[in-house]
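Asks: What follows is a structure written as structure tokens; I'll ask about it next.
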Amino acid sequence: MKVFVTGATGFVGSAVVSELLEAGHEVVGLARSEAAAESLSAVGAEAHAGSLEDLASLAAGADGADGVVHLAFTNVSPTTDYTTAALADAAAIRALGGALAGTERPLVVTSGSALVSVPGRAATEEDPASWGPRVVGEEAVHALVRRGVNALIVRLASSVHDGQADRRGFVPRLLSIARDKGVSAYVADGSNRWTGIHRLDAAVLFRLALEQGKPGATYHGVADEGVPLRQVAEAIGAGLGLPVASVRDDDAASHFGHLAPFVTLDDWTSSEQTKAWLGWRPEHVGLIADIEHGGYVP
């Protein structure tokens with residue numbers, strides 16, 4: 001299968017590209033720079049010039065492929081406008097899906113487990129996205145499915161981790177904040193949770209979803225169903241030799257900056273149906289073990 005991948009040179013996307021190539025697929029990756037094109041060529045993938053904002057380039061890439069994996073999204077930073085980023089993502093999904101209309105070629109779209117919140121139990125694959133700007137991306141997928149497009153969703157865990165390769169994700173940023181502040185902190189009692197998945201397990205899931213996924217289905221890229229943030233802070237504190245402490249809800253923004261909304265997430269999500277439907281089994285270390293022994297802390 002010839003697969004067009006957006007976000008192909010990113011943290012998760014590069015692992016997905018390698019997984020697809022190892023499984024015998026051809027890969028064409030979206031490249032917005034010469035450096036990105038060169039990195040794709042170096043691993044045996046083809047580069048397709050364009051960007052997330054260039055909808056014509058997205059449609060052209062999808063039109064020439066047997067399937068699409070859409071991973072690109074605006075990086076989280078202090079200046080990120082999440083509403084604008086989510087609307088751009090929805091527009092990209094519509095462009096990719098429009099190029100696949102009238103065919104059975106699959107479109108696998110990335111979303112997040114944190115978009116689903118169900119009081120009193122773990123969220124399942126059948127629960128709809130219920131909050132946050134990125135809901136519009138899932139709505140765009142459902143609209144495509146109603147048009148007959150073979151579109152499906154993979155919701156990734158709050159923390160996609162890999163201590164050997166992660167340099168800009170949530171864990172490295174929490175490590176940086178802890179070093180700067182001299183304390184590894186959590187908010188309130190730290191009982192709010194993050195889901196977690198190793199990026200190599202996520203890559204396998206994207207391949208399985210592409211090869212076996214059903215139109216309109218939602219799959220959960222979750223290995224750790226819910227790790228209390230206090231445990232994350234304790235693992236970071238132990239690794240850095242720093243004290244661990246609580247900060248008040250009112251002080252979360254001043255302590256964590258633009259990460260405050262993510263540090264206060266409560267994400268409790270199951271992937272049992274995904275495992276049953278696709279035969280997916282996470283094999284790599286969990287979030288806490290990766291912080292403790294995976295390379296995040298020298």
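Asks: Got a sec? How would SER39, SER33 order by Cβ neighbour count within 10 Å, fewest to most?
Replies: SER33, SER39
Asks: Turning to a different aspect of this structure: Label region 38-107 by shape, choosing from rounded, prolate and oblate, from the square roots a ≥ b ≥ c of the eigenvalues of the Cα gyration tensor; if a/c is under 1.5 it is rounded, and otherwise prolate applies when a/b is larger than b/c, oblate when it is not.
Replies: Verdict is oblate for region 38-107.
Asks: With the cut-off at 1.5 for a/c, could you classify region 216-298 from its C-alpha gyration tensor as rounded, prolate or oblate?
Replies: oblate
Asks: With a 10 Å Cβ neighbour count serving as the proxy for reagent exposure, in which order, fewest first, do LEU107, LEU52, LEU240 appear?
Replies: Exposure proxy ranking, most exposed first: LEU240, LEU52, LEU107.
Asks: A further question on this structure: Mean separation of Cα pairs under 8 Å and 6+ residues apart, divided by the residue count of the chain: what relative contact order is that in percent?
Replies: Dividing the mean separation by the residue count of the chain yields 18 percent.
Asks: Next up: When every alpha-carbon pair in region 94-170 is counted, what percent end up more than 14 Å apart?
Replies: Everything past 14 Å amounts to 66 percent.
Asks: Of the listed values (1) -0.46, -0.68, -1.14; (2) -0.75, -0.88, -1.14; (3) -0.52, -0.76, -1.17, identify the label whose number matches log10 I(q)/I(0) by the Debye sum over Cα atoms at q = 0.10, 0.12, 0.15 Å⁻¹ calculated from this model.
Replies: The value computed from this structure is option (3).
Asks: Quick one: if you stick a label point 7 Å off each Cα along the C-beta vector at ASN75 and ASP189, how many nm between them?
Replies: Result for the modelled spin labels: 3.8 nm.
Asks: Distance between the C-alpha centers of region 162-212 and region 92-107? Whole Å please.
Replies: 30
Asks: Specify the residue with the greatest mean-square fluctuation among GLY50, GLY196, GLY182, computed from a Gaussian network of the chain linking alpha-carbon atoms under 10 Å apart.
Replies: Judging by the Gaussian network model, the answer is GLY182.
Asks: Can you sort ASP166, ASP89 so the residue with the fewest Cβ neighbours within 10 Å comes first?
Replies: The order, fewest Cβ neighbours first, is ASP166, ASP89.
Asks: Check every DSSP H run in the chain and write down those whose alpha carbon atoms cover 24 angstrom or more along the long axis and whose mean Kyte-Doolittle hydropathy is -0.5 or greater.
Replies: 82-100
Asks: Tell me the relative contact order for region 1-126 as a rounded percent, counting alpha carbon contacts under 8 Å between residues six or more apart.
Replies: Relative contact order of region 1-126: 24 percent.
Taken together, the values in this text are just the output of simple stated rules run on the coordinates, not laboratory data. What you see is a predicted model; the values in this text were computed from it and never measured. Note that we place each Cβ from the backbone using ideal geometry, even for glycine, and neighbour counts take in every protein chain shown.
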